[in-house]
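Novice: Please read through the structure below; I'll follow up with questions.
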Amino acid sequence: MAGRAAFSVSSSPSLCIPYSTTSLSLSFSNRSALSVRISPRTNKFPVEFVGVCCSLSANDIKAGTNIEVDGAPWRVLEFLHVKPGKGAAFVRTKIRNYVNGSTVERTFRAGISVEEANVFKETKQFTYKDGSQFVFMDLSTYEETRLNESDMGDKTRWLKEGMECSLLYWKDKVIDFELPNTVTLKVVDVDPGLRGDTAQGGSKPATVETGAVVTVPLFVNIGEEILVDTRTGMYMNRA
């Protein structure tokens, strides 16, 4: 959605919504009225809105925008506004499907309406693994959410008990989860045969407590904690 729209609730210091109510109609100065989803699990607004269900112009598409295409939610990874010498302007995008993880290129004619996907985040704590399922808990309600290992991808290699993550919901279903950008992990194994001049650099593979292998400098030893960028899987520093 382009920009942010401000709204206010009349006089009452708090907004009370019956549990059975799942949406609220809001009017914005630069858009028509739209429906904002209330979480039926917590009977409150989600922790963070990534998008609300409304239409936006293709001109407003940017990286990070969530759109609905062919009945599925997609996240815009890359975009380019193109104005050819002849013909109509258009927006070239690369988008990723939240549900199946596929990535495709898609072109939208400038000025057309695109449906914005009603995707939102809720913070949950990863508590334990039960067989092939990962169990997350809402620290406010203690409600558990279970995700199948087959649906979580390779991000689980950075996941450890007690870590807070963001679960992404679309139409009452979890479609993805996000890790913190940086995690602290303990080194449990390194190859003792690797030697080198640590002052001049050099690297070696190290196994961390989650089972993932990270390339670390030669001076990192077993038992030390390191910071890892979960987006790239790269060593950042000692914790």
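The values are calculated or read from the model by the stated rules, or taken from the named source; none is laboratory data. Every value quoted in this text rests on a predicted model; they were computed, and no experiment measured them. Cβ placement follows ideal geometry from the backbone for every residue including glycine, while neighbour counts extend to all protein chains displayed. Side chains included, ligands, DNA and RNA excluded: accessible areas come from the protein's heavy atoms. Shrake-Rupley method; radii C 1.70, N 1.55, O 1.52, S 1.80 Å.
Novice: Just the residues that are open to solvent by 50 Å² or more (accessible area, probe 1.4 Å) and either part of a strand (DSSP E or B) or in contact (Cβ under 8 Å) with a residue 60 or more places away in the chain (or both), please, taken from the stretch 217-239.
Specialist: Once the filter is applied, which keeps residues that are open to solvent by 50 Å² or more (accessible area, probe 1.4 Å) and either part of a strand (DSSP E or B) or in contact (Cβ under 8 Å) with a residue 60 or more places away in the chain (or both), the stretch 217-239 yields Glu225, Met234, Met236, Asn237, Arg238.
Novice: Identify the residue in the stretch 190-216 that is in a loop (DSSP other than H, G, I, E, B) and modelled with pLDDT of 80 or more and, among all such residues, is least open to solvent (accessible area, probe 1.4 Å).
Specialist: So in the stretch 190-216, the residues in a loop (DSSP other than H, G, I, E, B) come out as 191-197, 201-202, 209-212.
Filter once more, so that each one left must be modelled with pLDDT of 80 or more: 202, 209-212.
On the way: Gly202: 48, Glu209: 88, Thr210: 40, Gly211: 53, Ala212: 7 Å².
The selected residue is Ala212.
Novice: Name the residue that is farthest from Val213 (Cα to Cα), counting only residues in the stretch 126-145 that are surrounded by 11 or more Cβ atoms within 10 Å (Cβ to Cβ) and charged (D, E, K, R).
Specialist: Taking the candidates together, the pick is Glu143.
Novice: So, one more: Residue check, Asp172 against (1) at pLDDT 95 or above; (2) open to solvent by 70 Å² or more (accessible area, probe 1.4 Å), all met but one. Which one?
Specialist: The one condition Asp172 does not meet is (1).
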